[in-house]
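First the structure, in the form of structure tokens, and then the observations on it.
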Amino acid sequence: MKKFLCLFLIVVYYQPTFSQPDRWQQRVKYVMDIKMDVNANQFTGKQKLEYFNNSPDTLHRVFYHLYWNAFQPNSMMDARSRELGKVLIGRHGQGQPDWDSRVMDRILHLKPDEIGYNHVLSLKMNGVPQLFKEEETILVVDLKKPILPKTMVVFDLEFEAQVPLQVRRSGRDNPLTGVRYSMSQWYPKMCEYDNEGWHPTPYVAREFYGVWGDYDVTISINKSYILGGTGYLENANQVGYGYEAKGAKVVRPAGDLLKWHFVAPNVHDFMWAADPQYKHLVRYVPNGPAINVLYKNKDNDPGQDTLWSTLADAAVIVLPFMEKHFGKYPYRQYSFVHGGDGGMEYPMSTLIAGPSLGTAFHEWMHSWYQGMLGTNESMYAWMDEGFTTYAEGLVSDYYYNYQLQQHPDNKGLREFVERREQQLPLHEADSYNSYFYLVKSGLEEPLTTHADHFNTNFAYSLASYSKGAMFLEQLGYIVSDEVRDKILLEYYREWRFRHPNADDFMRIAEKASGMKLDWYKEYWVSTTKTIDYGIDSLWEDNGKTEIRLKAIGKMPMPIDVLIQYKDGSKEMAYIPQYFMFGSKPIEDESIPRKDFEPWKWTSPIYIFELSHRLTDITGIEIDPSQRMADIDRKNNKILLKW
């Protein structure tokens, strides 16, 4: 028996490393038993954590996140929010305070029974008590015996917590939604350790980075409460509330409490929410996951029921499109759970404050860029929020066009879709406009800025969401949309569950495109240099037309120039950038393309020649697709009237 057990542990321990041959990463296995007191808004918990040190390093300390300690007066989150509230965004400092409107100075005014806290009461490693110190939202544990490379240890801890009033993401009794409990960032969570070392990032505002592993969570709560969130409900037929198998008889135990037992394989976090008045909708994607929608209709508005039902149906419609373009969704369920303060993503689930389809699509797409790829959001927020924003636009376009096909006589829907299609670039117009506004504000910072360290919330939001989304749209301009789409699928295939960084993405892009692209990342991500090209002049010489372009901005790009002729024909002039060492494929076979010598970025002027006479030309336009983020498009087009 002992020999069999030893062999089993060896197989289980080494299995996670087989699929990750090129980059080690840590692994966790949580077992938690939670007892919730809904009258005091407090709970106690026991946590067993198996921690696999797959690194080559000896660890003398470990760190845990204690997120809810941020919801106390004078915390770092409170201080930072109030400081940003002193910054006015707008012309001549006369605009709006820069603080997050959900936080503002609310934390400062929380009463003792309204604050949040996580307190660790005891902590042992392999049965031996350890020394630990609570430093606001981080627990520092100095180990009595180090964790050796390639070994596993077991941490046992007991903790207590109080659910704060809803301020940011998690909390209780949000007047907006009426939801009782939004339970995110709610437990002591081991910080990530990777090839850059520990990441004990304090909870100041945003973002998250976690260790992948398996969760086994049992929550004991008043039996009138209905729960939803991460994981698979193991005792569904005992719980009921819409989770039970079809035709099953629900038999709940006697007493006031009900245990909800969830398991969640291969995730890096666990969220749940609870309310006695949740309604539970279930949909099934053919050959795919179950879709759970839990919402509270606090005003008994029939229109709300319709909107939440529409959201559930929409999820079934869009998932095949999402998987085709971004990769397979690997879990057996996904839950849209009414709660939180807007929209916030978690593994297998999201907290969403209302039935907005755009928000729902956005949060679900986070399952790819935050849930499965798991980039360090603090350092690469643009790779999570930006890529997700880009994908949200595509999913929304697909959904509304699908609905139009199903309801071609719906005039309002047709006008809505037509308005979307008139925007260029189609689904990214808002991102481009937001970016241009950011540039004009003078507050832009490089995308390499740590998410918590942007000087303003304003700059963080527009940079990570809008400029991040434009990174992919503009990449399509550089390598072609078709190649960009292949890059995204290969990125998913190669790097899911492996915590990629920006360089990892660029190597995938270079391999798929056959071009050098490191320059693009360096300019767009590491600097705030802008793109601005213009048509400087044109003239005729010996029956041929000479066109001179000028690089006004400091970020170099390849250039598409569309030429229109009197006879109605068109021609595309393509000028690659020198350090691409390659050319994108022809994107539109209906328009002949002539390739010219690469533009060397050291020269601000580029002249190319057309075989036509000047009077044959009626129009010249740089980047007619408008995918290039040219900050001044007024000098991109010339119309000639002869």
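All of the numbers you see were taken from the coordinates with simple rules; none came from a lab. All of these numbers come straight from a predicted model, not from anything done at the bench. Cβ coordinates were reconstructed from backbone atoms using ideal geometry, including for glycine residues, and neighbour counts include every protein chain displayed.
Dipole of segment 436-495, Cα-centred, from +1 at each Lys and Arg C-beta and -1 at each Asp and Glu C-beta, to the nearest 20 debye?
120
Scan around I552 for amide H atoms under 5 Å from its own, H built in the peptide plane at 1.01 Å from N, and keep only partners 5 or more places away or cross-chain.
Correct list: D532, Y533, G534.
For the peptides 622-629, 177-184, what is the packing order when you average, over each peptide's residues, the other Cβ atoms within 10 Å and list the highest mean first?
Working: 622-629: 21.1, 177-184: 24.0.
Peptide ranking by packing, descending: 177-184, 622-629.
Send over the per residue convex hull volume for segment 315-403, Cα only, as a whole number of Å³.
Working: hull volume 7.8 nm³, N = 89.
It is 87 Å³ per residue.
Karplus couplings for segment 459-464 from phi (6.51 cos²θ - 1.76 cosθ + 1.60, θ = phi - 60°), rounded to Hz, Gly and Pro as x?
5, 4, 4, 5, 6, 5
Determine the calculated [θ] at 222 nm for the chain from helices alone, applying -39500 (n - 2.57) to every DSSP H run no shorter than 4 residues and normalising by the residue count; nearest 500 deg cm²/dmol. Mind showing how you got there, number by number?
Numbers: 13 runs with 162 residues, N = 642.
Per the formula, -8000 deg cm²/dmol.
Karplus couplings for segment 441-448 from phi (6.51 cos²θ - 1.76 cosθ + 1.60, θ = phi - 60°), rounded to Hz, Gly and Pro as x?
5, x, 9, 5, 10, x, 5, 6
Per residue of segment 286-296, what does 6.51 cos²θ - 1.76 cosθ + 1.60 with θ = phi - 60° give for ³J(HN,Hα)? Whole Hz please, x for Gly and Pro, Karplus curve as stated.
My calculation for segment 286-296 gives x, 6, x, x, 7, 10, 9, 10, 10, 8, 10 Hz in order.
With charges only on Cβ, +1 for K and R and -1 for D and E, what is the dipole size of the chain about its Cα centre, in debye, rounded to 20? Display every interim value, and only then the final one.
Details: 71 positive and 83 negative charges, 281 e Å.
Roughly 1340 debye for the chain.
Under 5 Å between amide hydrogens, which residues at least 5 positions from G228 or on another chain qualify, with H placed 1.01 Å from N in the peptide plane?
Amide H neighbours of G228, under 5 Å, 5+ apart: A273.
By how many degrees, between 0 and 90 and to the nearest 10, does the Cα long axis of helix 502-513 differ from the longest principal axis of the chain?
Relative to the chain, helix 502-513 is tipped by roughly 50 degrees.
Relative contact order (percent) for the chain, with alpha-carbon contacts under 8 angstrom and 6 or more residues of separation? Don't skip to the answer; put the middle values down first.
Details: 1339 pairs, mean separation 62.8, N = 642.
Once divided by the residue count of the chain, the mean separation gives 10 percent.
Would you mind putting 297-310, 152-165 in packing order, based on average other-beta-carbon counts within 10 Å, highest first?
By packing density, highest mean first, the sequence is 152-165, 297-310.
Can you flag which of K145/K259; K600/K641; K516/K550 are past 30 Å Cα-Cα? Let's see the in-between values first.
Numbers: K145/K259 36 Å; K600/K641 32 Å; K516/K550 23 Å.
Result: K145/K259; K600/K641 exceed 30 Å.
Going by C-beta contacts inside 10 Å, put T389, T448 in order with the fewest on the left.
On the way: T389 26, T448 14.
Placing the least packed residue first, the sequence is T448, T389.
Quick one: work out Rg over Rh on the C-alpha atoms of segment 466-521, Rh as Kirkwood radius.
Working: Rg = 10.5 Å, Rh = 11.3 Å.
Reported Rg/Rh (Cα atoms, Kirkwood Rh): 0.93.
Could you pull out every residue, at least 5 positions away or on a different chain, whose amide H is within less than 5 Å of the one on I89? Hs are placed 1.01 Å off N in the peptide plane, and Pro or chain starts have none.
HN-HN under 5 Å from I89: G95, Q96, D98.
Using only the Cα atoms of segment 510-609, build the gyration tensor, take square roots of its eigenvalues as a ≥ b ≥ c, and label the shape rounded, prolate or oblate: rounded if a/c is under 1.5, else prolate if a/b is larger than b/c, else oblate.
Working: a/c = 2.28, a/b = 1.43, b/c = 1.60.
Oblate is the answer for segment 510-609, as a/c is 1.5 or above yet b/c matches or exceeds a/b.
Placing +1 on the Cβ of each Lys and Arg and -1 on the Cβ of each Asp and Glu in the chain, which of G45, C191, Y565 has its Cα farthest towards the positive end of the resulting dipole?
G45
Tell me, how many Å apart are the Cα centres for segment 62-133 and for segment 137-197?
Spelled out, the Cα-based centre of one part sits 14 Å from the other.
Can you tell me the dipole magnitude for segment 533-639 around its Cα centre, using point charges on the Cβ only (Lys, Arg +1; Asp, Glu -1), in Debye to the nearest 20?
On the way: 15 positive and 18 negative charges, 62 e Å.
With only Lys, Arg, Asp and Glu charged at Cβ, the dipole is about 300 debye.
Which angle from 0 to 90°, rounded to the nearest 10, does the C-alpha axis of helix 2-18 make with the longest principal axis of the chain?
Taking the Cα atoms of the chain, the angle to 2-18 is about 20 degrees.
Angle between the Cα long axis of helix 481-495 and the longest principal axis of the chain, 0 to 90 degrees, nearest 10?
Tilt of helix 481-495: around 30 degrees.
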